[in-house]
Every structure is written in C-alpha cells, then in structure tokens.
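Working notes, beginning with the structure itself.
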Amino acid sequence: MSPSSTSTRKRLPPANFDAAALKVAIVHYWIVGDAGGEKVVKEIYKLFPQADIYVVVHDPAVSARIFPGATIRASFLQKLPRSWKYYSALLPLMPWAVEALNVSEYDLVISSESGPAKGVLPGLDAIHVCYCHTPMRYLWDQFHEYRETGGLLTRTMMSVFGPPLRAWDRMTADRVDAFAANSRHVEKRIRKYYGRAARVIAPPVDLETFRPLDRRGDFYLIGGRHVRYKRLDLAVEMANRTGRRLVITGEGPETAALKRLAGPTVEFRGRCPVEELQTLYAECRAFLMPGEEDFGITPVEAMASGRPVIALARGGALDTVIDGKTGVLFPDQSAEGLIRAVDEFERQEAMFDVAVIRAWAERFSTERFGSEFLSFVEDQMQAGSLPVDPAASTDLTR
C-alpha cells in the first residue's frame, strides 16, 4: 500500500482513557452570568480541570467568580469597551471572532453551544465534541418570533444577517465529531437543522443545594432569566386575574415590562442568594414554567426541593415533569391555559408526594452528568482514532 492510498488517521487514544492526560479546550459562547449554560461548563471543567476556557466575550468579575483560577481566553471582541454588556448586538461579528480563537494545539475540544461556540477550528488530530443546549433558536425555529417582537433595529439586523448566519451555523456543524443534546427536544432540533445524530445527556443539577422543608407557603414561584421565550408574562397575568400570590426571582431584559404588568399579588425578588432560593423553592406551592424550555434546570431544582412543577407540555418539560406525579403539564400556552392548569393542580395538590418528587429529581444529579459525559467523550476519542494499518506504517518509513 503506497502512502498516497492511505487515508488520514487521527492519533490513537491512550490504551486506558485518561482524561487528565489530555490537552483540553472548553469553548463557551459568552460568560455574562451564572445561568444554565455556565452551570454545565462548570461541571465539564471539574472533569477536565487542566482545560483552558475560550469565549467570545466575558464579564471578568463573573468569570472569576464562577471559574476561580481558570485560564480564560477571549476573542478580539473582548477589547471593545464593556463588550459583555451588549454582546447580543455583536452577533454578526461572532463567526470571525470564534474562528480567530486558536484551539489548534489541543487533543480534545469541547464546545458548549447555544451560540456560535462550535464554529472553532480544531486541529486535524483533535476530537471535537459539542454539548448542545440548543441550536441558536433566534436563527432557527423561533426566528420569526424574535424578529417580530423586536424593535426596528433588531428586525432589520435579523433580516439582513439571518440568512448568512444560518448558513454559517449549519456549515460549522460539520466541524463537530459528535453532538450531545441536553434533551430529546434539542436532539430533535439538531437532527432537523444540522442533519446530525446526538446523544441525549441531561444537564447537571446541584441536588445537594436544594432539599425539601417541612413548612409550606401560600405562593407560586417562577424564576430564571427574564427573557421573552420563558413567558413570565403569562404567570403575571395568571396572578393578576386570580389574585394568587406569585414570587418572581431573577432579572433580565423583560424585567421592566413585567413590573409594569404586575398587580399587587406579584412580588419581585431579583437575584437571590442561594439561601433565599433554597427557602423559596421548598416553601412554594408549585413552580411555574409556562415557556418552552430547551431543558429547564430551575424546575428540576424545584423538584429537588420536593415541590411540583406546572409546565407547558412542550420542550424539555417532557423529559423532566411526569404529569400527575411530579407536576402538571398543560398544552395551551396562554394565561387561560395556565389558569386552568393551576386550578387542576389545586384540585389534586394533596396527592403530590414530596419524597416521590425528590426521588425523581435525583436522576439529574451532577454525578450522573459527569459519568455520562466522560463516557461520551471516551467513546468519541476511541471512535475517532482508527486502528493503525501496519502496512501503511511500514510504507511511510521507507
């Protein structure tokens, strides 16, 4: 066999997979808060503490708090003044920024994707795995919703830059050796928009932080980042129309509008310390999730606290909520649909068992995630390294 007839082969993995022996790059889209994506990256970093972390932009104060001591390498967009404050406006520039991140010398590249992270250019011998929170929803299945609800500048930018960004996003899927999806819903999106298979690995939830309490309050709870697709407005409208007490944690672009909409039974707590969140989760009557989530870590945190979840019967909730056992699923994404679901929950509230709900939540532990993700990486390292052909090796040394 001549050298010209042999195919390019990736390097062999160690005989016994040793994560600590690998040179690893973790590529995340941006670090501007401690949201679900950052929680996943934190757990991946625990598996590969030798890794360098690459981002398009980051808030130095936030990244130092989440990843103390880690090497954080940012793109050229970081040089723009306070770029982490208006990072979403930089989306048209991100393909250039991501491709400029030099990850060519790493054995393993792990991209954390719901932005442009998977677009990096790994070395020929590297294995590139992508943990996909979702393909960019504002480019794909929710493109029209994002465009129609935005201002004039947003609508114009999405109309102009949407098609080339979609083409780039689809093309860069081919740079990934293997995808993992955080839910069956996201696995379906990956198949639809990238034409790729994906292994479903649910994200990690810190179950030890959230525990049931004996006492109970008279309020419903909703939280997370205040963005439109989470539909916190439906929870506010439900509270306004029924007089039920609603507590809202977190903040975001929609906070001001939600406060204008809110009536006297709605209370905003903002960004809560962990101790306050523990109490709110454990004491609420139920946690509300009226938006379509890719997975939804906050409802699992509520279930870890023994509380039921009232969720829209779409997206990640179909993986995390068992109707009638750990919560109530409702099909109609409207205030009326949510009100009917809350009414139904209250009719059967006494049937929900704290121990059963907590036991179900334990399926989403950080330990389970670590084990499944390491197994996924090991499988790809093995599959991506073809057996050495002795004849080819002999020819190449002549």
What number, in percent, do you get for the relative contact order of the chain if the mean sequence gap of Cα pairs under 8 Å and at least 6 apart is divided by its residue count? 15
Just add up the charged neighbours of F376: K/R +1, D/E -1, any other residue whose Cβ is under 14 Å from the Cβ of F376. -4
Electrostatic dipole magnitude of region 226-299 [Cβ: Lys, Arg +1; Asp, Glu -1; Cα centre; debye, to 20]: 320
Just to verify a number: FRET efficiency for A257 and I322, C-beta to C-beta distance, R0 = 25 Å, to 0.05? 0.15
Using a 7 Å offset from the Cα along the Cα-to-Cβ direction at both D174 and E208, what is the distance between the two label points in nm, to one decimal? 4.5
Taking a crude spin-label model, label points 7 Å out from Cα along the C-beta direction, the R314 to L121 distance in nm is 3.9
Could you tally up the Lys pairs in the chain with alpha carbons closer than 25 Å? Skip any pair fewer than 8 positions apart unless they're on separate chains. 26
I'd like the trypsin sites (Lys or Arg not before Pro) in region 41-122 restricted to DSSP loop residues with at most 12 other Cβ atoms within 10 Å, sorted by number. R82
Alpha-carbon centroid distance for the pair region 198-218 / region 331-386, whole angstrom: 9
If you take the charge dipole of the chain about its Cα centre, with +1 on Lys and Arg Cβ and -1 on Asp and Glu Cβ, which of A257, L22, G36 is farthest toward its positive end? A257
Cβ-derived FRET efficiency at R0 41 Å, D332 paired with T279, nearest 0.05: 0.85
Projected onto the charge dipole of the chain (unit charges on the beta-carbon of Lys, Arg, Asp and Glu, signs +1, +1, -1, -1), the Cα from W84, A317, Y193 with the largest positive-side position is that of W84
Would you work out if region 84-140 is rounded, prolate or oblate? Take a ≥ b ≥ c from the square roots of the eigenvalues of the alpha-carbon gyration tensor; rounded if a/c is under 1.5, else prolate when a/b is larger than b/c, oblate otherwise. oblate
Estimated distance in nm for a label pair at R73 and L93, the labels positioned 7 Å out from Cα along Cα-to-Cβ: 2.0
Report the gain in length on full extension from D34 to E346: 0.36 nm times residue separation, minus Cα-Cα distance, nm rounded to one decimal. 109.0 nm
The answer for the net charge of residues other than V24 whose Cβ lies under 9 angstrom from its Cβ, with Lys and Arg +1 and Asp and Glu -1, is -1
Only Lys, Arg, Asp and Glu count, each charged at its Cβ (+1, +1, -1, -1), so figure out the dipole size of region 42-95 about its Cα centre, rounded to 20 debye. 140
Overall form of region 48-132 per C-alpha gyration tensor (a/c, 1.5; a/b vs b/c): oblate
Cα centre as origin, Lys/Arg/Asp/Glu Cβ charges: the chain dipole, Debye: 800
To the nearest 10 degrees, the tilt of helix 36-47 (Cα long axis) against the first principal axis of the alpha carbons of the chain is 50
Put +1 on the Cβ of every Lys and Arg and -1 on every Asp and Glu Cβ in the chain; which of S75, A181, I222 then has its Cα farthest towards the positive end of the dipole? S75
What shape does region 35-77 have by the C-alpha gyration tensor, where a ≥ b ≥ c are the square roots of the eigenvalues, rounded means a/c under 1.5, and otherwise prolate means a/b greater than b/c and oblate the rest? prolate
So what's the net charge close to F67: Lys and Arg +1, Asp and Glu -1, counting the other residues with Cβ under 13 Å from its Cβ? 0
What stretch of the chain, leaving out the sites themselves, is the longest with no GluC sites (Glu not before Pro) in a DSSP loop having at most 13 other Cβ atoms within 10 Å? 209-398
Measure out, as a whole number of angstrom, how far apart the alpha-carbon centroids of region 84-127 and region 282-314 sit. 32
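Quick note: the coordinates plus some simple rules give every number you see, no bench work behind them. All values reported here derive from a predicted model rather than from experimental measurement. Positions of Cβ are backbone-derived with ideal geometry, glycine not excepted, and every protein chain shown enters the neighbour counts.
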